[in-house]
Amino acid sequence: MPVLYGTHVESALLLGTAGYPSPRILADAFARSGAGIATVSLRRETGGGQDFWALVQSLGARLLPNTAGCHSAKEAVTTAHMAREVFGTDWIKLEVIGHADTLQPDVFELVQAARILAAEGFKVFPYCTEDLTVCERLLDAGCQVLMPWGAPIGSGLGLNNPHGLRALRAAFPDVPLIIDAGIGLPSHAAAAMEMGYDAVLLNSAVARAGDPAMMAGAMADAVRAGRAAYLADPMERTDMAVPSTPVLGKAFL
Amino acid sequence: MQIILNGSPCHTNAATLADALTQAGVTGHIATALNGSFVPAALRDQTPIRDGDRIEALAPMQGG
């Protein structure tokens, strides 16, 4: 089970709370997912905020507020301060967006914001790319968890750069790594866990499924299967066939 | 005087951030920022506001 900033987390699935057809379906999906961590955000109060606050408190999940939509370190730091007060947690999913079409992080502003927030005692979960140097800088800044993207947010493309993600896993064997964004199918989530990733954070794959609760259950199964497969030490791949039935003792017919 | 509350101009005679929020009917579980800087809940009634100030009042919302 992943240990995130000293907290043992039961499930390796983190689930977002956005884009569900209804609050009831959101609650059902959470129940089916077994996720112990829910991502949330802050937006201008237009009347729905207080109902949502009551709903997320009833999920029984630990909250991970995000800084979604922030484009500068300053904006992200202020949003983190506001989130800490509203949600009563020093955990923050740090997002600093750099590109409108891909929602790629602005890794320069991200590192700057991470340094400021970590120094203030925040437990920073940075949404980053799989770039080894950026990840090293984030660790230097005080992050104890890294959250590289699998693919652009909301795209459902899966793991765009498996080689890079494997290299990141190998480079930081002791750092909790969470695939954040891009997961569309349970097979994507299982693949991440088979690589040795500690957890998967997803939202749209469940919220935008025809049956979100059923998909939440499928994701939970996939994450469990992927983790078990990693721990079971999978066989080596070969390019040529290797007969599984013994050759010795075969009859001459 | 005129202030900008959550992006919309509004008139107020409030002296503090806390008064301005009450007058505008913005209550509940929120966090506030004044001109881009976070103002903790405990300091809202000691935080004066001036003409042209930008106030953000944010509430818990769905997020990924």
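The values are calculated or read from the model by the stated rules, or taken from the named source; none is laboratory data. Treat the numbers as computed from the prediction; the structure is a model and nothing was measured. Don't worry about glycine lacking a Cβ; one is built from the backbone with ideal geometry, like all the others, and counts go over all protein chains shown. Note: areas computed on protein heavy atoms with side chains; ligands, DNA, RNA excluded. Shrake-Rupley method; radii C 1.70, N 1.55, O 1.52, S 1.80 Å.
Connecting C-alpha atoms closer than 10 Å in a GNM of chain A, tell me which of A:226, A:182, A:48 has the biggest fluctuation. Maximum among the listed residues: A:48. Rounded to the nearest 20 debye, the dipole magnitude of the range A:207-253 is 40 debye, with +1 charges on Lys and Arg beta carbons, -1 on Asp and Glu beta carbons, and the Cα centre as origin.
Antiparallel DSSP bridges in the protein assembly as shown: what percent, to the nearest 5? Walk me through the numbers on the way to the answer.
Details: 20 of 43 bridges.
Here the antiparallel bridges make up roughly 45 percent for the protein assembly as shown.
Can you tell me the relative contact order of chain B? Whole percent, Cα pairs under 8 Å, sequence separation 6 or more. Each step should come with its number before you reach the end.
Numbers: 100 pairs, mean separation 27.7, N = 64.
It rounds to 43 percent for chain B.
For the residues of B:11-21, the average number of beta carbons from a partner chain within 10 Å of their own beta carbon is 0.
Taking the highest mean first, how do the peptides B:47-56, A:113-122 order by number of other beta carbon atoms within 10 angstrom per residue? The partial results should precede the final answer.
On the way: B:47-56: 15.9, A:113-122: 19.7.
Sorting B:47-56, A:113-122 by mean packing, highest first, produces A:113-122, B:47-56.
Dipole magnitude for the range A:93-202: computed about the Cα centre from +1 point charges on Lys and Arg Cβ and -1 point charges on Asp and Glu Cβ, it is near 140 debye. When peptides A:167-176, A:74-83 are ranked by their average number of other Cβ atoms within 10 Å per residue, the highest-first order is A:74-83, A:167-176. Residues in chain A average 47 Å² of solvent-accessible surface per residue, probe 1.4 Å, ligands and nucleic acids excluded. Taking the centroid of alpha carbons for each part, chain B and the range A:234-248 are 68 Å apart. Within the same chain, lysines fewer than 8 places from residue A:74 are excluded, and of the rest, those with a Cα less than 26 Å from its Cα are A:93, A:123.
Ignore the peptide's own chain and count Cβ atoms of other chains within 10 Å of each Cβ in A:49-62; give me the average, rounded.
On the way: counts 8, 6, 3, 6, 6, 2, 2, 4, 2, 0, 0, 0, 0, 0.
So the per-residue partner count for this stretch is 3.
Treat every Asp and Glu Cβ in chain A as -1 and every Lys and Arg Cβ as +1, leave all other atoms uncharged, and give the resulting dipole magnitude about the Cα centre to the nearest 20 debye. Kindly include the intermediate steps, with their values, before the conclusion.
Details: 18 positive and 25 negative charges, 82 e Å.
Approximately 400 debye in magnitude.
Note on the range A:1-147: Kirkwood hydrodynamic radius from all Cα pairs is 15.8 Å, rounded to one decimal.
Per DSSP helix of 4 or more residues, -39500 (n - 2.57); summed, then divided by the residues of chain A. What does that give at 222 nm, rounded to the nearest 500? Show your work: numbers first, answer last.
On the way: 9 runs with 101 residues, N = 253.
Taking each H run of at least 4 residues, the total per residue is -12000 deg cm²/dmol.
Helical content of chain B, expressed as a calculated mean residue ellipticity at 222 nm, amounts to -3500 deg cm²/dmol (DSSP H runs of 4 or more residues, -39,500 (n - 2.57) each, divided by residue number, nearest 500). Shielding value for A:77-83 is 5, the average number of Cβ atoms from other chains within 10 Å of each residue's Cβ. A Förster radius of 51 Å combined with the Cβ-Cβ distance from residue A:89 to residue A:245 puts the calculated FRET efficiency at roughly 0.35.
Since only A:159, A:215, A:117 are under comparison, the one whose Cα sits farthest along the positive direction of the charge dipole of the protein assembly as shown, derived from C-beta charges on Lys, Arg, Asp and Glu, is A:215. Comparing A:204, A:155, A:33 in a Gaussian network model of chain A where C-alpha atoms under 10 Å apart are linked, the largest mean-square fluctuation is found at A:155. For chain A, the longest principal axis of the C-alpha atoms and the axis of helix A:73-87 are separated by about 90°. Using a simple spin-label model with pseudo-atoms 7 Å out from Cα toward Cβ, residue A:238 and residue A:208 lie 4.2 nm apart.
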